[in-house]
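The values are calculated or read from the model by the stated rules, or taken from the named source; none is laboratory data. Computed from a predicted model, the values in this text were never measured in an experiment. So basically every Cβ, Gly included, is an ideal-geometry build from the backbone, and we count neighbours across all protein chains shown.
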Amino acid sequence: MQARVSALLPEVDARLRTGGPPPSVVANADDPAIAGTGLAAVTVAGTGGSRARLVVDPSAVAGMPAAALDVLVAHELVHVRLQPLTAPSAPLWMAEGFADLVALDVTGADPAGFWAAARSGAAPSEPPADAAFHAASPARDAAYAQAWALWRVLADDAGMAAAREIYLRCAADPGAFDSAVTAVLGLGRDAVLSTWTSALEATPR
Ligand SMILES: [Zn+2]
């Protein structure tokens, strides 16, 4: 796990234009940060000069294919770098979707599974609500994938650098998503959401 962190962190930093010490890695399913979440890994922001912690459930990651594990670790490393720049009030779709956008870019993972999950169930008209990301939510996988898909269509339209710019603006001030999209892309929120919902309704080829 530590070796994966060391290999992936420079790639994440290159895309985010961030830097700093790596997180400490804790493999303990009973750690309060991860117990009961149903997640394979969780990032805990550093406080007061302490390093961020990447907490993993050893049994959840043990049988994971290497490619999926790389996506998981890259996703958490995005959280490590961006949590300090993200307001606590930011909706989960912003941070979770953007983390997967960067994770798939860093790892070169095939997005087919993400598209399939994003297109499962009814197509939404608004980004997934925070409750959809909670452990008890039956739509959790779809919520992550739909949040990723929203950032994916933004990045397809404007490029990764512009997607990063939009993220930094709206993560710091979650109410500024609409104005950030307009300032960076020259598009209204409705146009972005319309492209997104069309992508979710499209039949995969
Ligand atoms: Zn996450």
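So which of Arg140, Arg164 is closer than 20 Å to Pro111 by Cα, in the same structural domain as Trp93 (by TED's automatic domain parsing) and either in contact with a strand residue (DSSP E or B) (Cβ under 6 Å, 6 or more places away or on another chain) or modelled with pLDDT under 95 (or both)? Please lay out each step first, then the result.
On the way: Arg164 fails: either in contact with a strand residue (DSSP E or B) (Cβ under 6 Å, 6 or more places away or on another chain) or modelled with pLDDT under 95 (or both).
Criteria check complete, one pass: Arg140.
Hey, among Ala162, Ala116, which residue is in contact (Cβ under 8 Å) with a residue 60 or more places away in the chain, assigned to a helix (DSSP H, G or I) and either more than 16 Å from the ligand (Cβ to nearest atom) or acidic (Asp, Glu) (or both)?
When all the criteria are applied, what remains is Ala116.
May I ask you to list the residues in region 13-31 that are over 21 Å from Ser137 (Cβ atoms) and either assigned to a loop (DSSP other than H, G, I, E, B) or among the β-branched types (Val, Ile, Thr) (or both)? Steps first, please.
First pass over region 13-31, keeping only residues over 21 Å from Ser137 (Cβ atoms): 13-28, 30-31.
If the condition is that a residue be over 21 Å from Ser137 (Cβ atoms) and either assigned to a loop (DSSP other than H, G, I, E, B) or among the β-branched types (Val, Ile, Thr) (or both), then Arg17, Thr18, Gly19, Gly20, Pro21, Pro22, Pro23, Val25, Val26, Asn28, Asp30, Asp31 are the ones that fit.
Of everything in region 10-36 that's polar (S, T, N, Q) and either more than 20 Å from Gln83 (Cα to Cα) or surrounded by fewer than 16 Cβ atoms within 10 Å (Cβ to Cβ) (or both), which residue is farthest from the chain's Cα centre (by Cα)?
The selected residue is Asn28.
Scan (1) at positive phi; (2) outside any loop (DSSP other than H, G, I, E, B) for the single condition Val78 breaks and write down its number.
That leaves (1) as the condition not met.
Working only within region 88-113, note down all residues that are under 18 Å from Pro10 (Cα atoms), among the acidic types (Asp, Glu) and away from the ligand (no atom under 15 Å from the Cβ).
Result: Asp105, single match.
Can you go through Ala7, Ala99 and tell me which one is crowded, with 20+ Cβ neighbours inside 10 Å, at pLDDT 95 or above and either part of a helix (DSSP H, G or I) or among the aromatic types (Phe, Trp, Tyr) (or both)? Can you show your working first?
Values: Ala7 fails: crowded, with 20+ Cβ neighbours inside 10 Å.
Unique residue meeting the criteria: Ala99.
If Asp30 satisfies all but one of (1) away from the ligand (no atom under 16 Å from the Cβ); (2) closer than 24 Å to Cys170 by Cα; (3) not aromatic (Phe, Trp, Tyr), what's the number of the condition it fails?
That leaves (2) as the condition not met.
I'm trying to understand the selection: among the residues of region 130-171, which are out of contact with any helix residue (DSSP H, G or I) (no Cβ under 8 Å at 6 or more places or on another chain) and either under 18 Å from Val102 (Cβ atoms) or among the hydrophobic types (A, V, I, L, M, F, W, C) (or both)?
Hits for region 130-171 are Ala131, Ala135, Ala136, Asp156, Gly159, Ala161.
So Ala135 clears everything in (1) outside any helix (DSSP H, G or I); (2) exposed (fewer than 14 other Cβ atoms within 10 Å of the Cβ); (3) free of Cβ contacts under 8 Å to residues at least 12 places away in the same chain; (4) not β-branched (Val, Ile, Thr) except one condition, right? Which one?
If we test Ala135 against (1) outside any helix (DSSP H, G or I); (2) exposed (fewer than 14 other Cβ atoms within 10 Å of the Cβ); (3) free of Cβ contacts under 8 Å to residues at least 12 places away in the same chain; (4) not β-branched (Val, Ile, Thr), just (3) comes out false.
How many residues does region 44-87 hold that are away from the ligand (no atom under 16 Å from the Cβ) and not hydrophobic (A, V, I, L, M, F, W, C)?
Final tally of qualifying residues: 10.
Consider Asp100 against the criteria (1) in the same structural domain as Gly19 (by TED's automatic domain parsing); (2) under 17 Å from the mean Cα position of the chain (by Cα): it satisfies all of them except one. Which criterion is unmet?
Of everything listed in (1) in the same structural domain as Gly19 (by TED's automatic domain parsing); (2) under 17 Å from the mean Cα position of the chain (by Cα), Asp100 misses just condition (1).
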